[in-house]
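The values are calculated or read from the model by the stated rules, or taken from the named source; none is laboratory data. Just so you know, these numbers come straight off a predicted model, no measurement behind them. Note that we place each Cβ from the backbone using ideal geometry, even for glycine, and neighbour counts take in every protein chain shown.
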Amino acid sequence: MKYTDFSDKKISRLGFGTMRLPMDAQGEIDYEEGKKMVDYALEHGITYFDTAYKYHAGEAEYFCREVLVKRHPRESFFLADKLPTWLCKTPEAVAEKFQEQLDKCGVEYFDFYLLHNVAEGSWQNILDQQMIEYLLTEKEAGRIGHLGLSVHCEPPLLREVLEKYGHALEFVQIQLNYMDWDYIDAKELYYICREFNKPIIIMEPVRGGMLANPMSEKARSILDEAGKEEGFSYADYALGYVDQLEGIAWTLSGMSNLEQMKQNIAFFDGEGLKEKHLEAVAEAAKVLQSDILVPCTSCNYCFECPSEIKISKIFTGYNEAAAKGFHWIWGSLSKTYQKLGPNANDCIECGNCESHCPQNIRIIDMLKKIDLKYKELEEKGE
Ligand code: SF4
Ligand code: SF4
């Protein structure tokens, strides 16, 4: 295992994220498999465990208490938790939630603590309830080791947050992976963290599992060819890509079974990706973007649809869902799609939209394909 020195702590470059814990046939967290994973993680050098109030509908924190905290010496691991900022509507609620989380995890302090989901819709409330000021008092009292934030925001807000609170917030957790680098704002967020000299924790390196099994045959064969000697898995490429970026402190992987964990740890025990692998990753990313995503620019030249189908909104939503690996912990993707109203089923195939589309998108077929995908997601409960 490789490590990063953070203050006086030695943090494993691979962290165990508890947002996708193993599940049993009844849909409950599989504690037996979870115990094996936590024990294996500690035996093989993982020192960082990440949880949040929201994960597994509040159950992940209990899992940490039962499986990690009660069964292992407190000084043998670092525990990170996150304040559910959206649930704290008063300053008192901030204090109550923080205490509740300590109790749920069965600890007296968190080694790392983050403002969860700092975004355009949550920032004003974070300011109004003086969350950072309160958390600094907890840090002073020794109940928080290091304070940081996790973001799902546009670059200007991250800049604003760090300009104002960079003195208090020691690290930033961002979503980054080889596909998002050029596709969403990941690259910009990364450079802002670098500019403010903040260690970066990576979440979603495998894009919710999507990059562990890329949906493009061509992308898979590019990666297979480059890594056949080393036998790299697709997940290895995803982890290796983020790990080699400068300024990355450590990477979280939401491992769901012992086998995945063994593979992830084996990769972090190895030498990592070389130049030829990184070139293959860049090529695969381009292929994935063109194969999976709809090249819609939201110009809305197709707006005169007799069936009032919100074509560009459906494409944008679909691209965002694909970017998240068709998994979104904050809500149901298929319900969000349904809220958009008329869809492929209402299309009368008049062709008006296609004749106006400057991107030459085969809109009628694409709408059908997307509709099928959302039906599949609905069946899976996503
Ligand atoms: S082909 Fe379908 S989506 Fe396009 S304008 Fe006609 S009804 Fe609307
Ligand atoms: S005309 Fe084409 S590119 Fe423009 S919004 Fe419609 S589908 Fe997207």
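Quick look at the numbers
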quantity	calculated
Filter result for His146 (of a type outside the set (Ser, Thr, Tyr) and part of a strand (DSSP E or B))	yes
Top-ranked residue in the range 369-382 [being within 16 Å of ligand 2 (Cβ to nearest atom) and crowded, with 16+ Cβ neighbours inside 10 Å; ranked as farthest from Met215 (Cα to Cα)]	Asp371
Verdict on Asn352 being within 16 Å of ligand 1 (Cβ to nearest atom), touching a residue at least 24 places away in the same chain (Cβ under 8 Å) and either under 27 Å from Pro205 (Cβ atoms) or exposed (fewer than 13 other Cβ atoms within 10 Å of the Cβ) (or both)	no
Filter result for the condition that a residue is in the same structural domain as Gly15 (by TED's automatic domain parsing) and within 18 Å of the chain's Cα centre (by Cα), over Glu170, Glu120	Glu120
Condition check for Lys228: away from ligand 2 (no atom under 16 Å from the Cβ) and free of Cβ contacts under 8 Å to residues at least 24 places away in the same chain	yes
Residue match in the range 318-330 (condition: exposed (fewer than 15 other Cβ atoms within 10 Å of the Cβ), within 11 Å of ligand 1 (Cβ to nearest atom) and either assigned to a loop (DSSP other than H, G, I, E, B) or at positive phi (or both))	no
All positions within the range 286-300 that are more than 15 Å from ligand 1 (Cβ to nearest atom) and either modelled with pLDDT under 80 or closer than 14 Å to Ile363 by Cα (or both)	Gln289, Ser290, Asp291, Ile292, Leu293, Pro295, Thr297, Ser298
Per-region count, the range 301-329, residues farther than 19 Å from Leu372 by Cβ, within 14 Å of ligand 2 (Cβ to nearest atom) and either among the hydroxyl-bearing types (Ser, Thr, Tyr) or at pLDDT below 80 (or both)	2
One residue from Asp39, Asp81, Asp103 being surrounded by 18 or more Cβ atoms within 10 Å (Cβ to Cβ) and at pLDDT 95 or above	Asp81
Identity of the residue in the range 337-368, more than 16 Å from Asn300 (Cα to Cα) and acidic (Asp, Glu), that ends up nearest to ligand 2 (Cβ to nearest atom)	Asp365
Qualifying residue in the range 64-76 (condition: in a helix (DSSP H, G or I) and closer than 15 Å to Gly148 by Cβ)	no
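Matching residues to (1) over 28 Å from His44 (Cα atoms); (2) touching a Ser or Thr at 6+ places or on another chain (Cβ under 9 Å):
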{"site": "Asn257", "(1), (2)": "no, no"}
{"site": "Gln260", "(1), (2)": "no, yes"}
{"site": "Gln263", "(1), (2)": "no, yes"}
{"site": "Gly272", "(1), (2)": "no, no"}
{"site": "Glu275", "(1), (2)": "no, no"}
{"site": "Leu278", "(1), (2)": "no, no"}
{"site": "Glu283", "(1), (2)": "yes, no"}
{"site": "Gln289", "(1), (2)": "yes, no"}
{"site": "Leu293", "(1), (2)": "yes, no"}
